[in-house]
Amino acid sequence: MPRRTPPVAELVERARAGESRAVARLISLVEDESPLLREVMAALAPHAGQAHIVGITGSPGVGKSTSTSALVSAYRATGKRVGVLAVDPSSPFSGGALLGDRVRMQDHATDSGVFIRSMASRGHLGGLAWSTPQALRVLDAAGFDVVLVETVGVGQSEVEIAGMADTTLILLAPGMGDGIQAAKAGILEVGDIYVVNKADRDGVQNVTRDLRAMLALAERDADAWTPPILKTVASRNEGVDEVVTAIEERLVWMRASGILEDRRRSRARDEIEAIAMTALRSRFAHLHGDARLDVLAAKVATGATDPYSAADELISAL
């Protein structure tokens, strides 16, 4: 027998009161694209906009999960509530996340001030899941001070996180071949803070030097944020406090410069556009075999009109 879904208003109230099960239920409604999704988003909207969203990305093997866990511990030591979205590859069989949050971060599983959720990318490119923006809104509205978003770890294509987060951390590590090769192209362009993890290994100085040289080539305004390069050994919590300090300094700078407001407005614009495009694609999906489409196709085939004019006519008829 399927579970009864409590009224949305009740779920939101319970989530804001700190009930993890209610938060999890709301995110499940998001992931399942529930018919209640519009009602959920409307109920959450007045409460969102307070959390600092921090993206954590980098190539596989740099220690993203270990670093995320270490950051959670550092933030909890300051009394802040922390939400974590760990985006995992999808199972080819079930479509669910291949890796589980309880496996990744056992130390925080019983902490009521921490909520951890694994989300399946379900084939979505860019290192995130399609439902990530709405899931972030759930955690934001539920009162979490910081939300950490850990991406899949697919390499150079993970630039989408920059548009989703207020602050983006790029993780690198020595011993992975060419350090810059592991994070070149778009990845190097989106970072706000660079963290060389596993700094107890040989080659850390080379990675740091190469990274500093690459960043020096970037064109920046005189008053622009200068991304710091930090070293950590996340497995031993070494250097993690310095990363948290840099994140907080970045937040202060963004608020003072107006960048934070600009980023969040841009994020909302992208989300609206994505929802609108999804709705349009859904409407167009029903056109195959539609009489209007057949009539226009016949006109194009006989040369009575051109395909662009036919497309304009079809769009205006929707």
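Using a probe of 1.4 Å on the protein chains alone, the accessible area found for Asp290 is around 40 Å².
In straight-distance terms, cross-link reach from Lys64 covers every one of the aspartates and glutamates whose alpha-carbon lies under 14 Å from its own, apart from those fewer than eight places away in the same chain; here that gives Asp88, Asp101, Glu150, Glu158.
Sorting Met254, Met214, Met41 by accessible area puts them as Met214, Met41, Met254; the probe is 1.4 Å, largest comes first, and only protein heavy atoms count.
For region 205-296, the set of GluC sites (Glu not before Pro) satisfying both a DSSP loop assignment and a count of at most 16 other C-beta atoms within 10 Å is given as Glu219. For Lys231, list the aspartates and glutamates whose Cα falls under 18 Å from its own Cα; do not include residues on the same chain fewer than 8 positions away. The reachable aspartates and glutamates, counting only those whose Cα sits under 18 Å from Lys231, are Asp178, Asp192, Asp200, Asp202, Asp210, Asp241, Glu242, Glu248, Glu249.
Rounded to the nearest 10 square angstrom, Lys299 shows an accessible area of 80 square angstrom against a 1.4 Å probe. Computed on the Cα trace of region 6-73, the radius of gyration divided by the Kirkwood hydrodynamic radius gives Rg/Rh = 1.08. A 1.4 Å probe over all protein chains sorts Arg117, Arg281, Arg137, Arg250 by accessible area into Arg281, Arg137, Arg117, Arg250, starting with the largest.
Taking all protein chains together and rolling a 1.4 Å probe, Thr302 ends up with roughly 110 Å² accessible. Charges were assigned to the Cβ only: +1 to each Lys and Arg, -1 to each Asp and Glu. The resulting dipole of region 271-315 about its Cα centre is roughly 140 debye. For a straight C-alpha distance cut-off of 13 angstrom, the aspartates and glutamates reachable from Lys198 (same-chain residues fewer than eight places away being disregarded) are Glu238.
The values are calculated or read from the model by the stated rules, or taken from the named source; none is laboratory data. These figures come from a predicted structure and were not determined experimentally. A quick note on method: Cβ atoms are made from the backbone with ideal geometry, for glycine too, and the neighbour counts reach across all protein chains shown. SASA here: full protein model, heavy atoms, side chains in, ligands and nucleic acids out. Shrake-Rupley method; radii C 1.70, N 1.55, O 1.52, S 1.80 Å.
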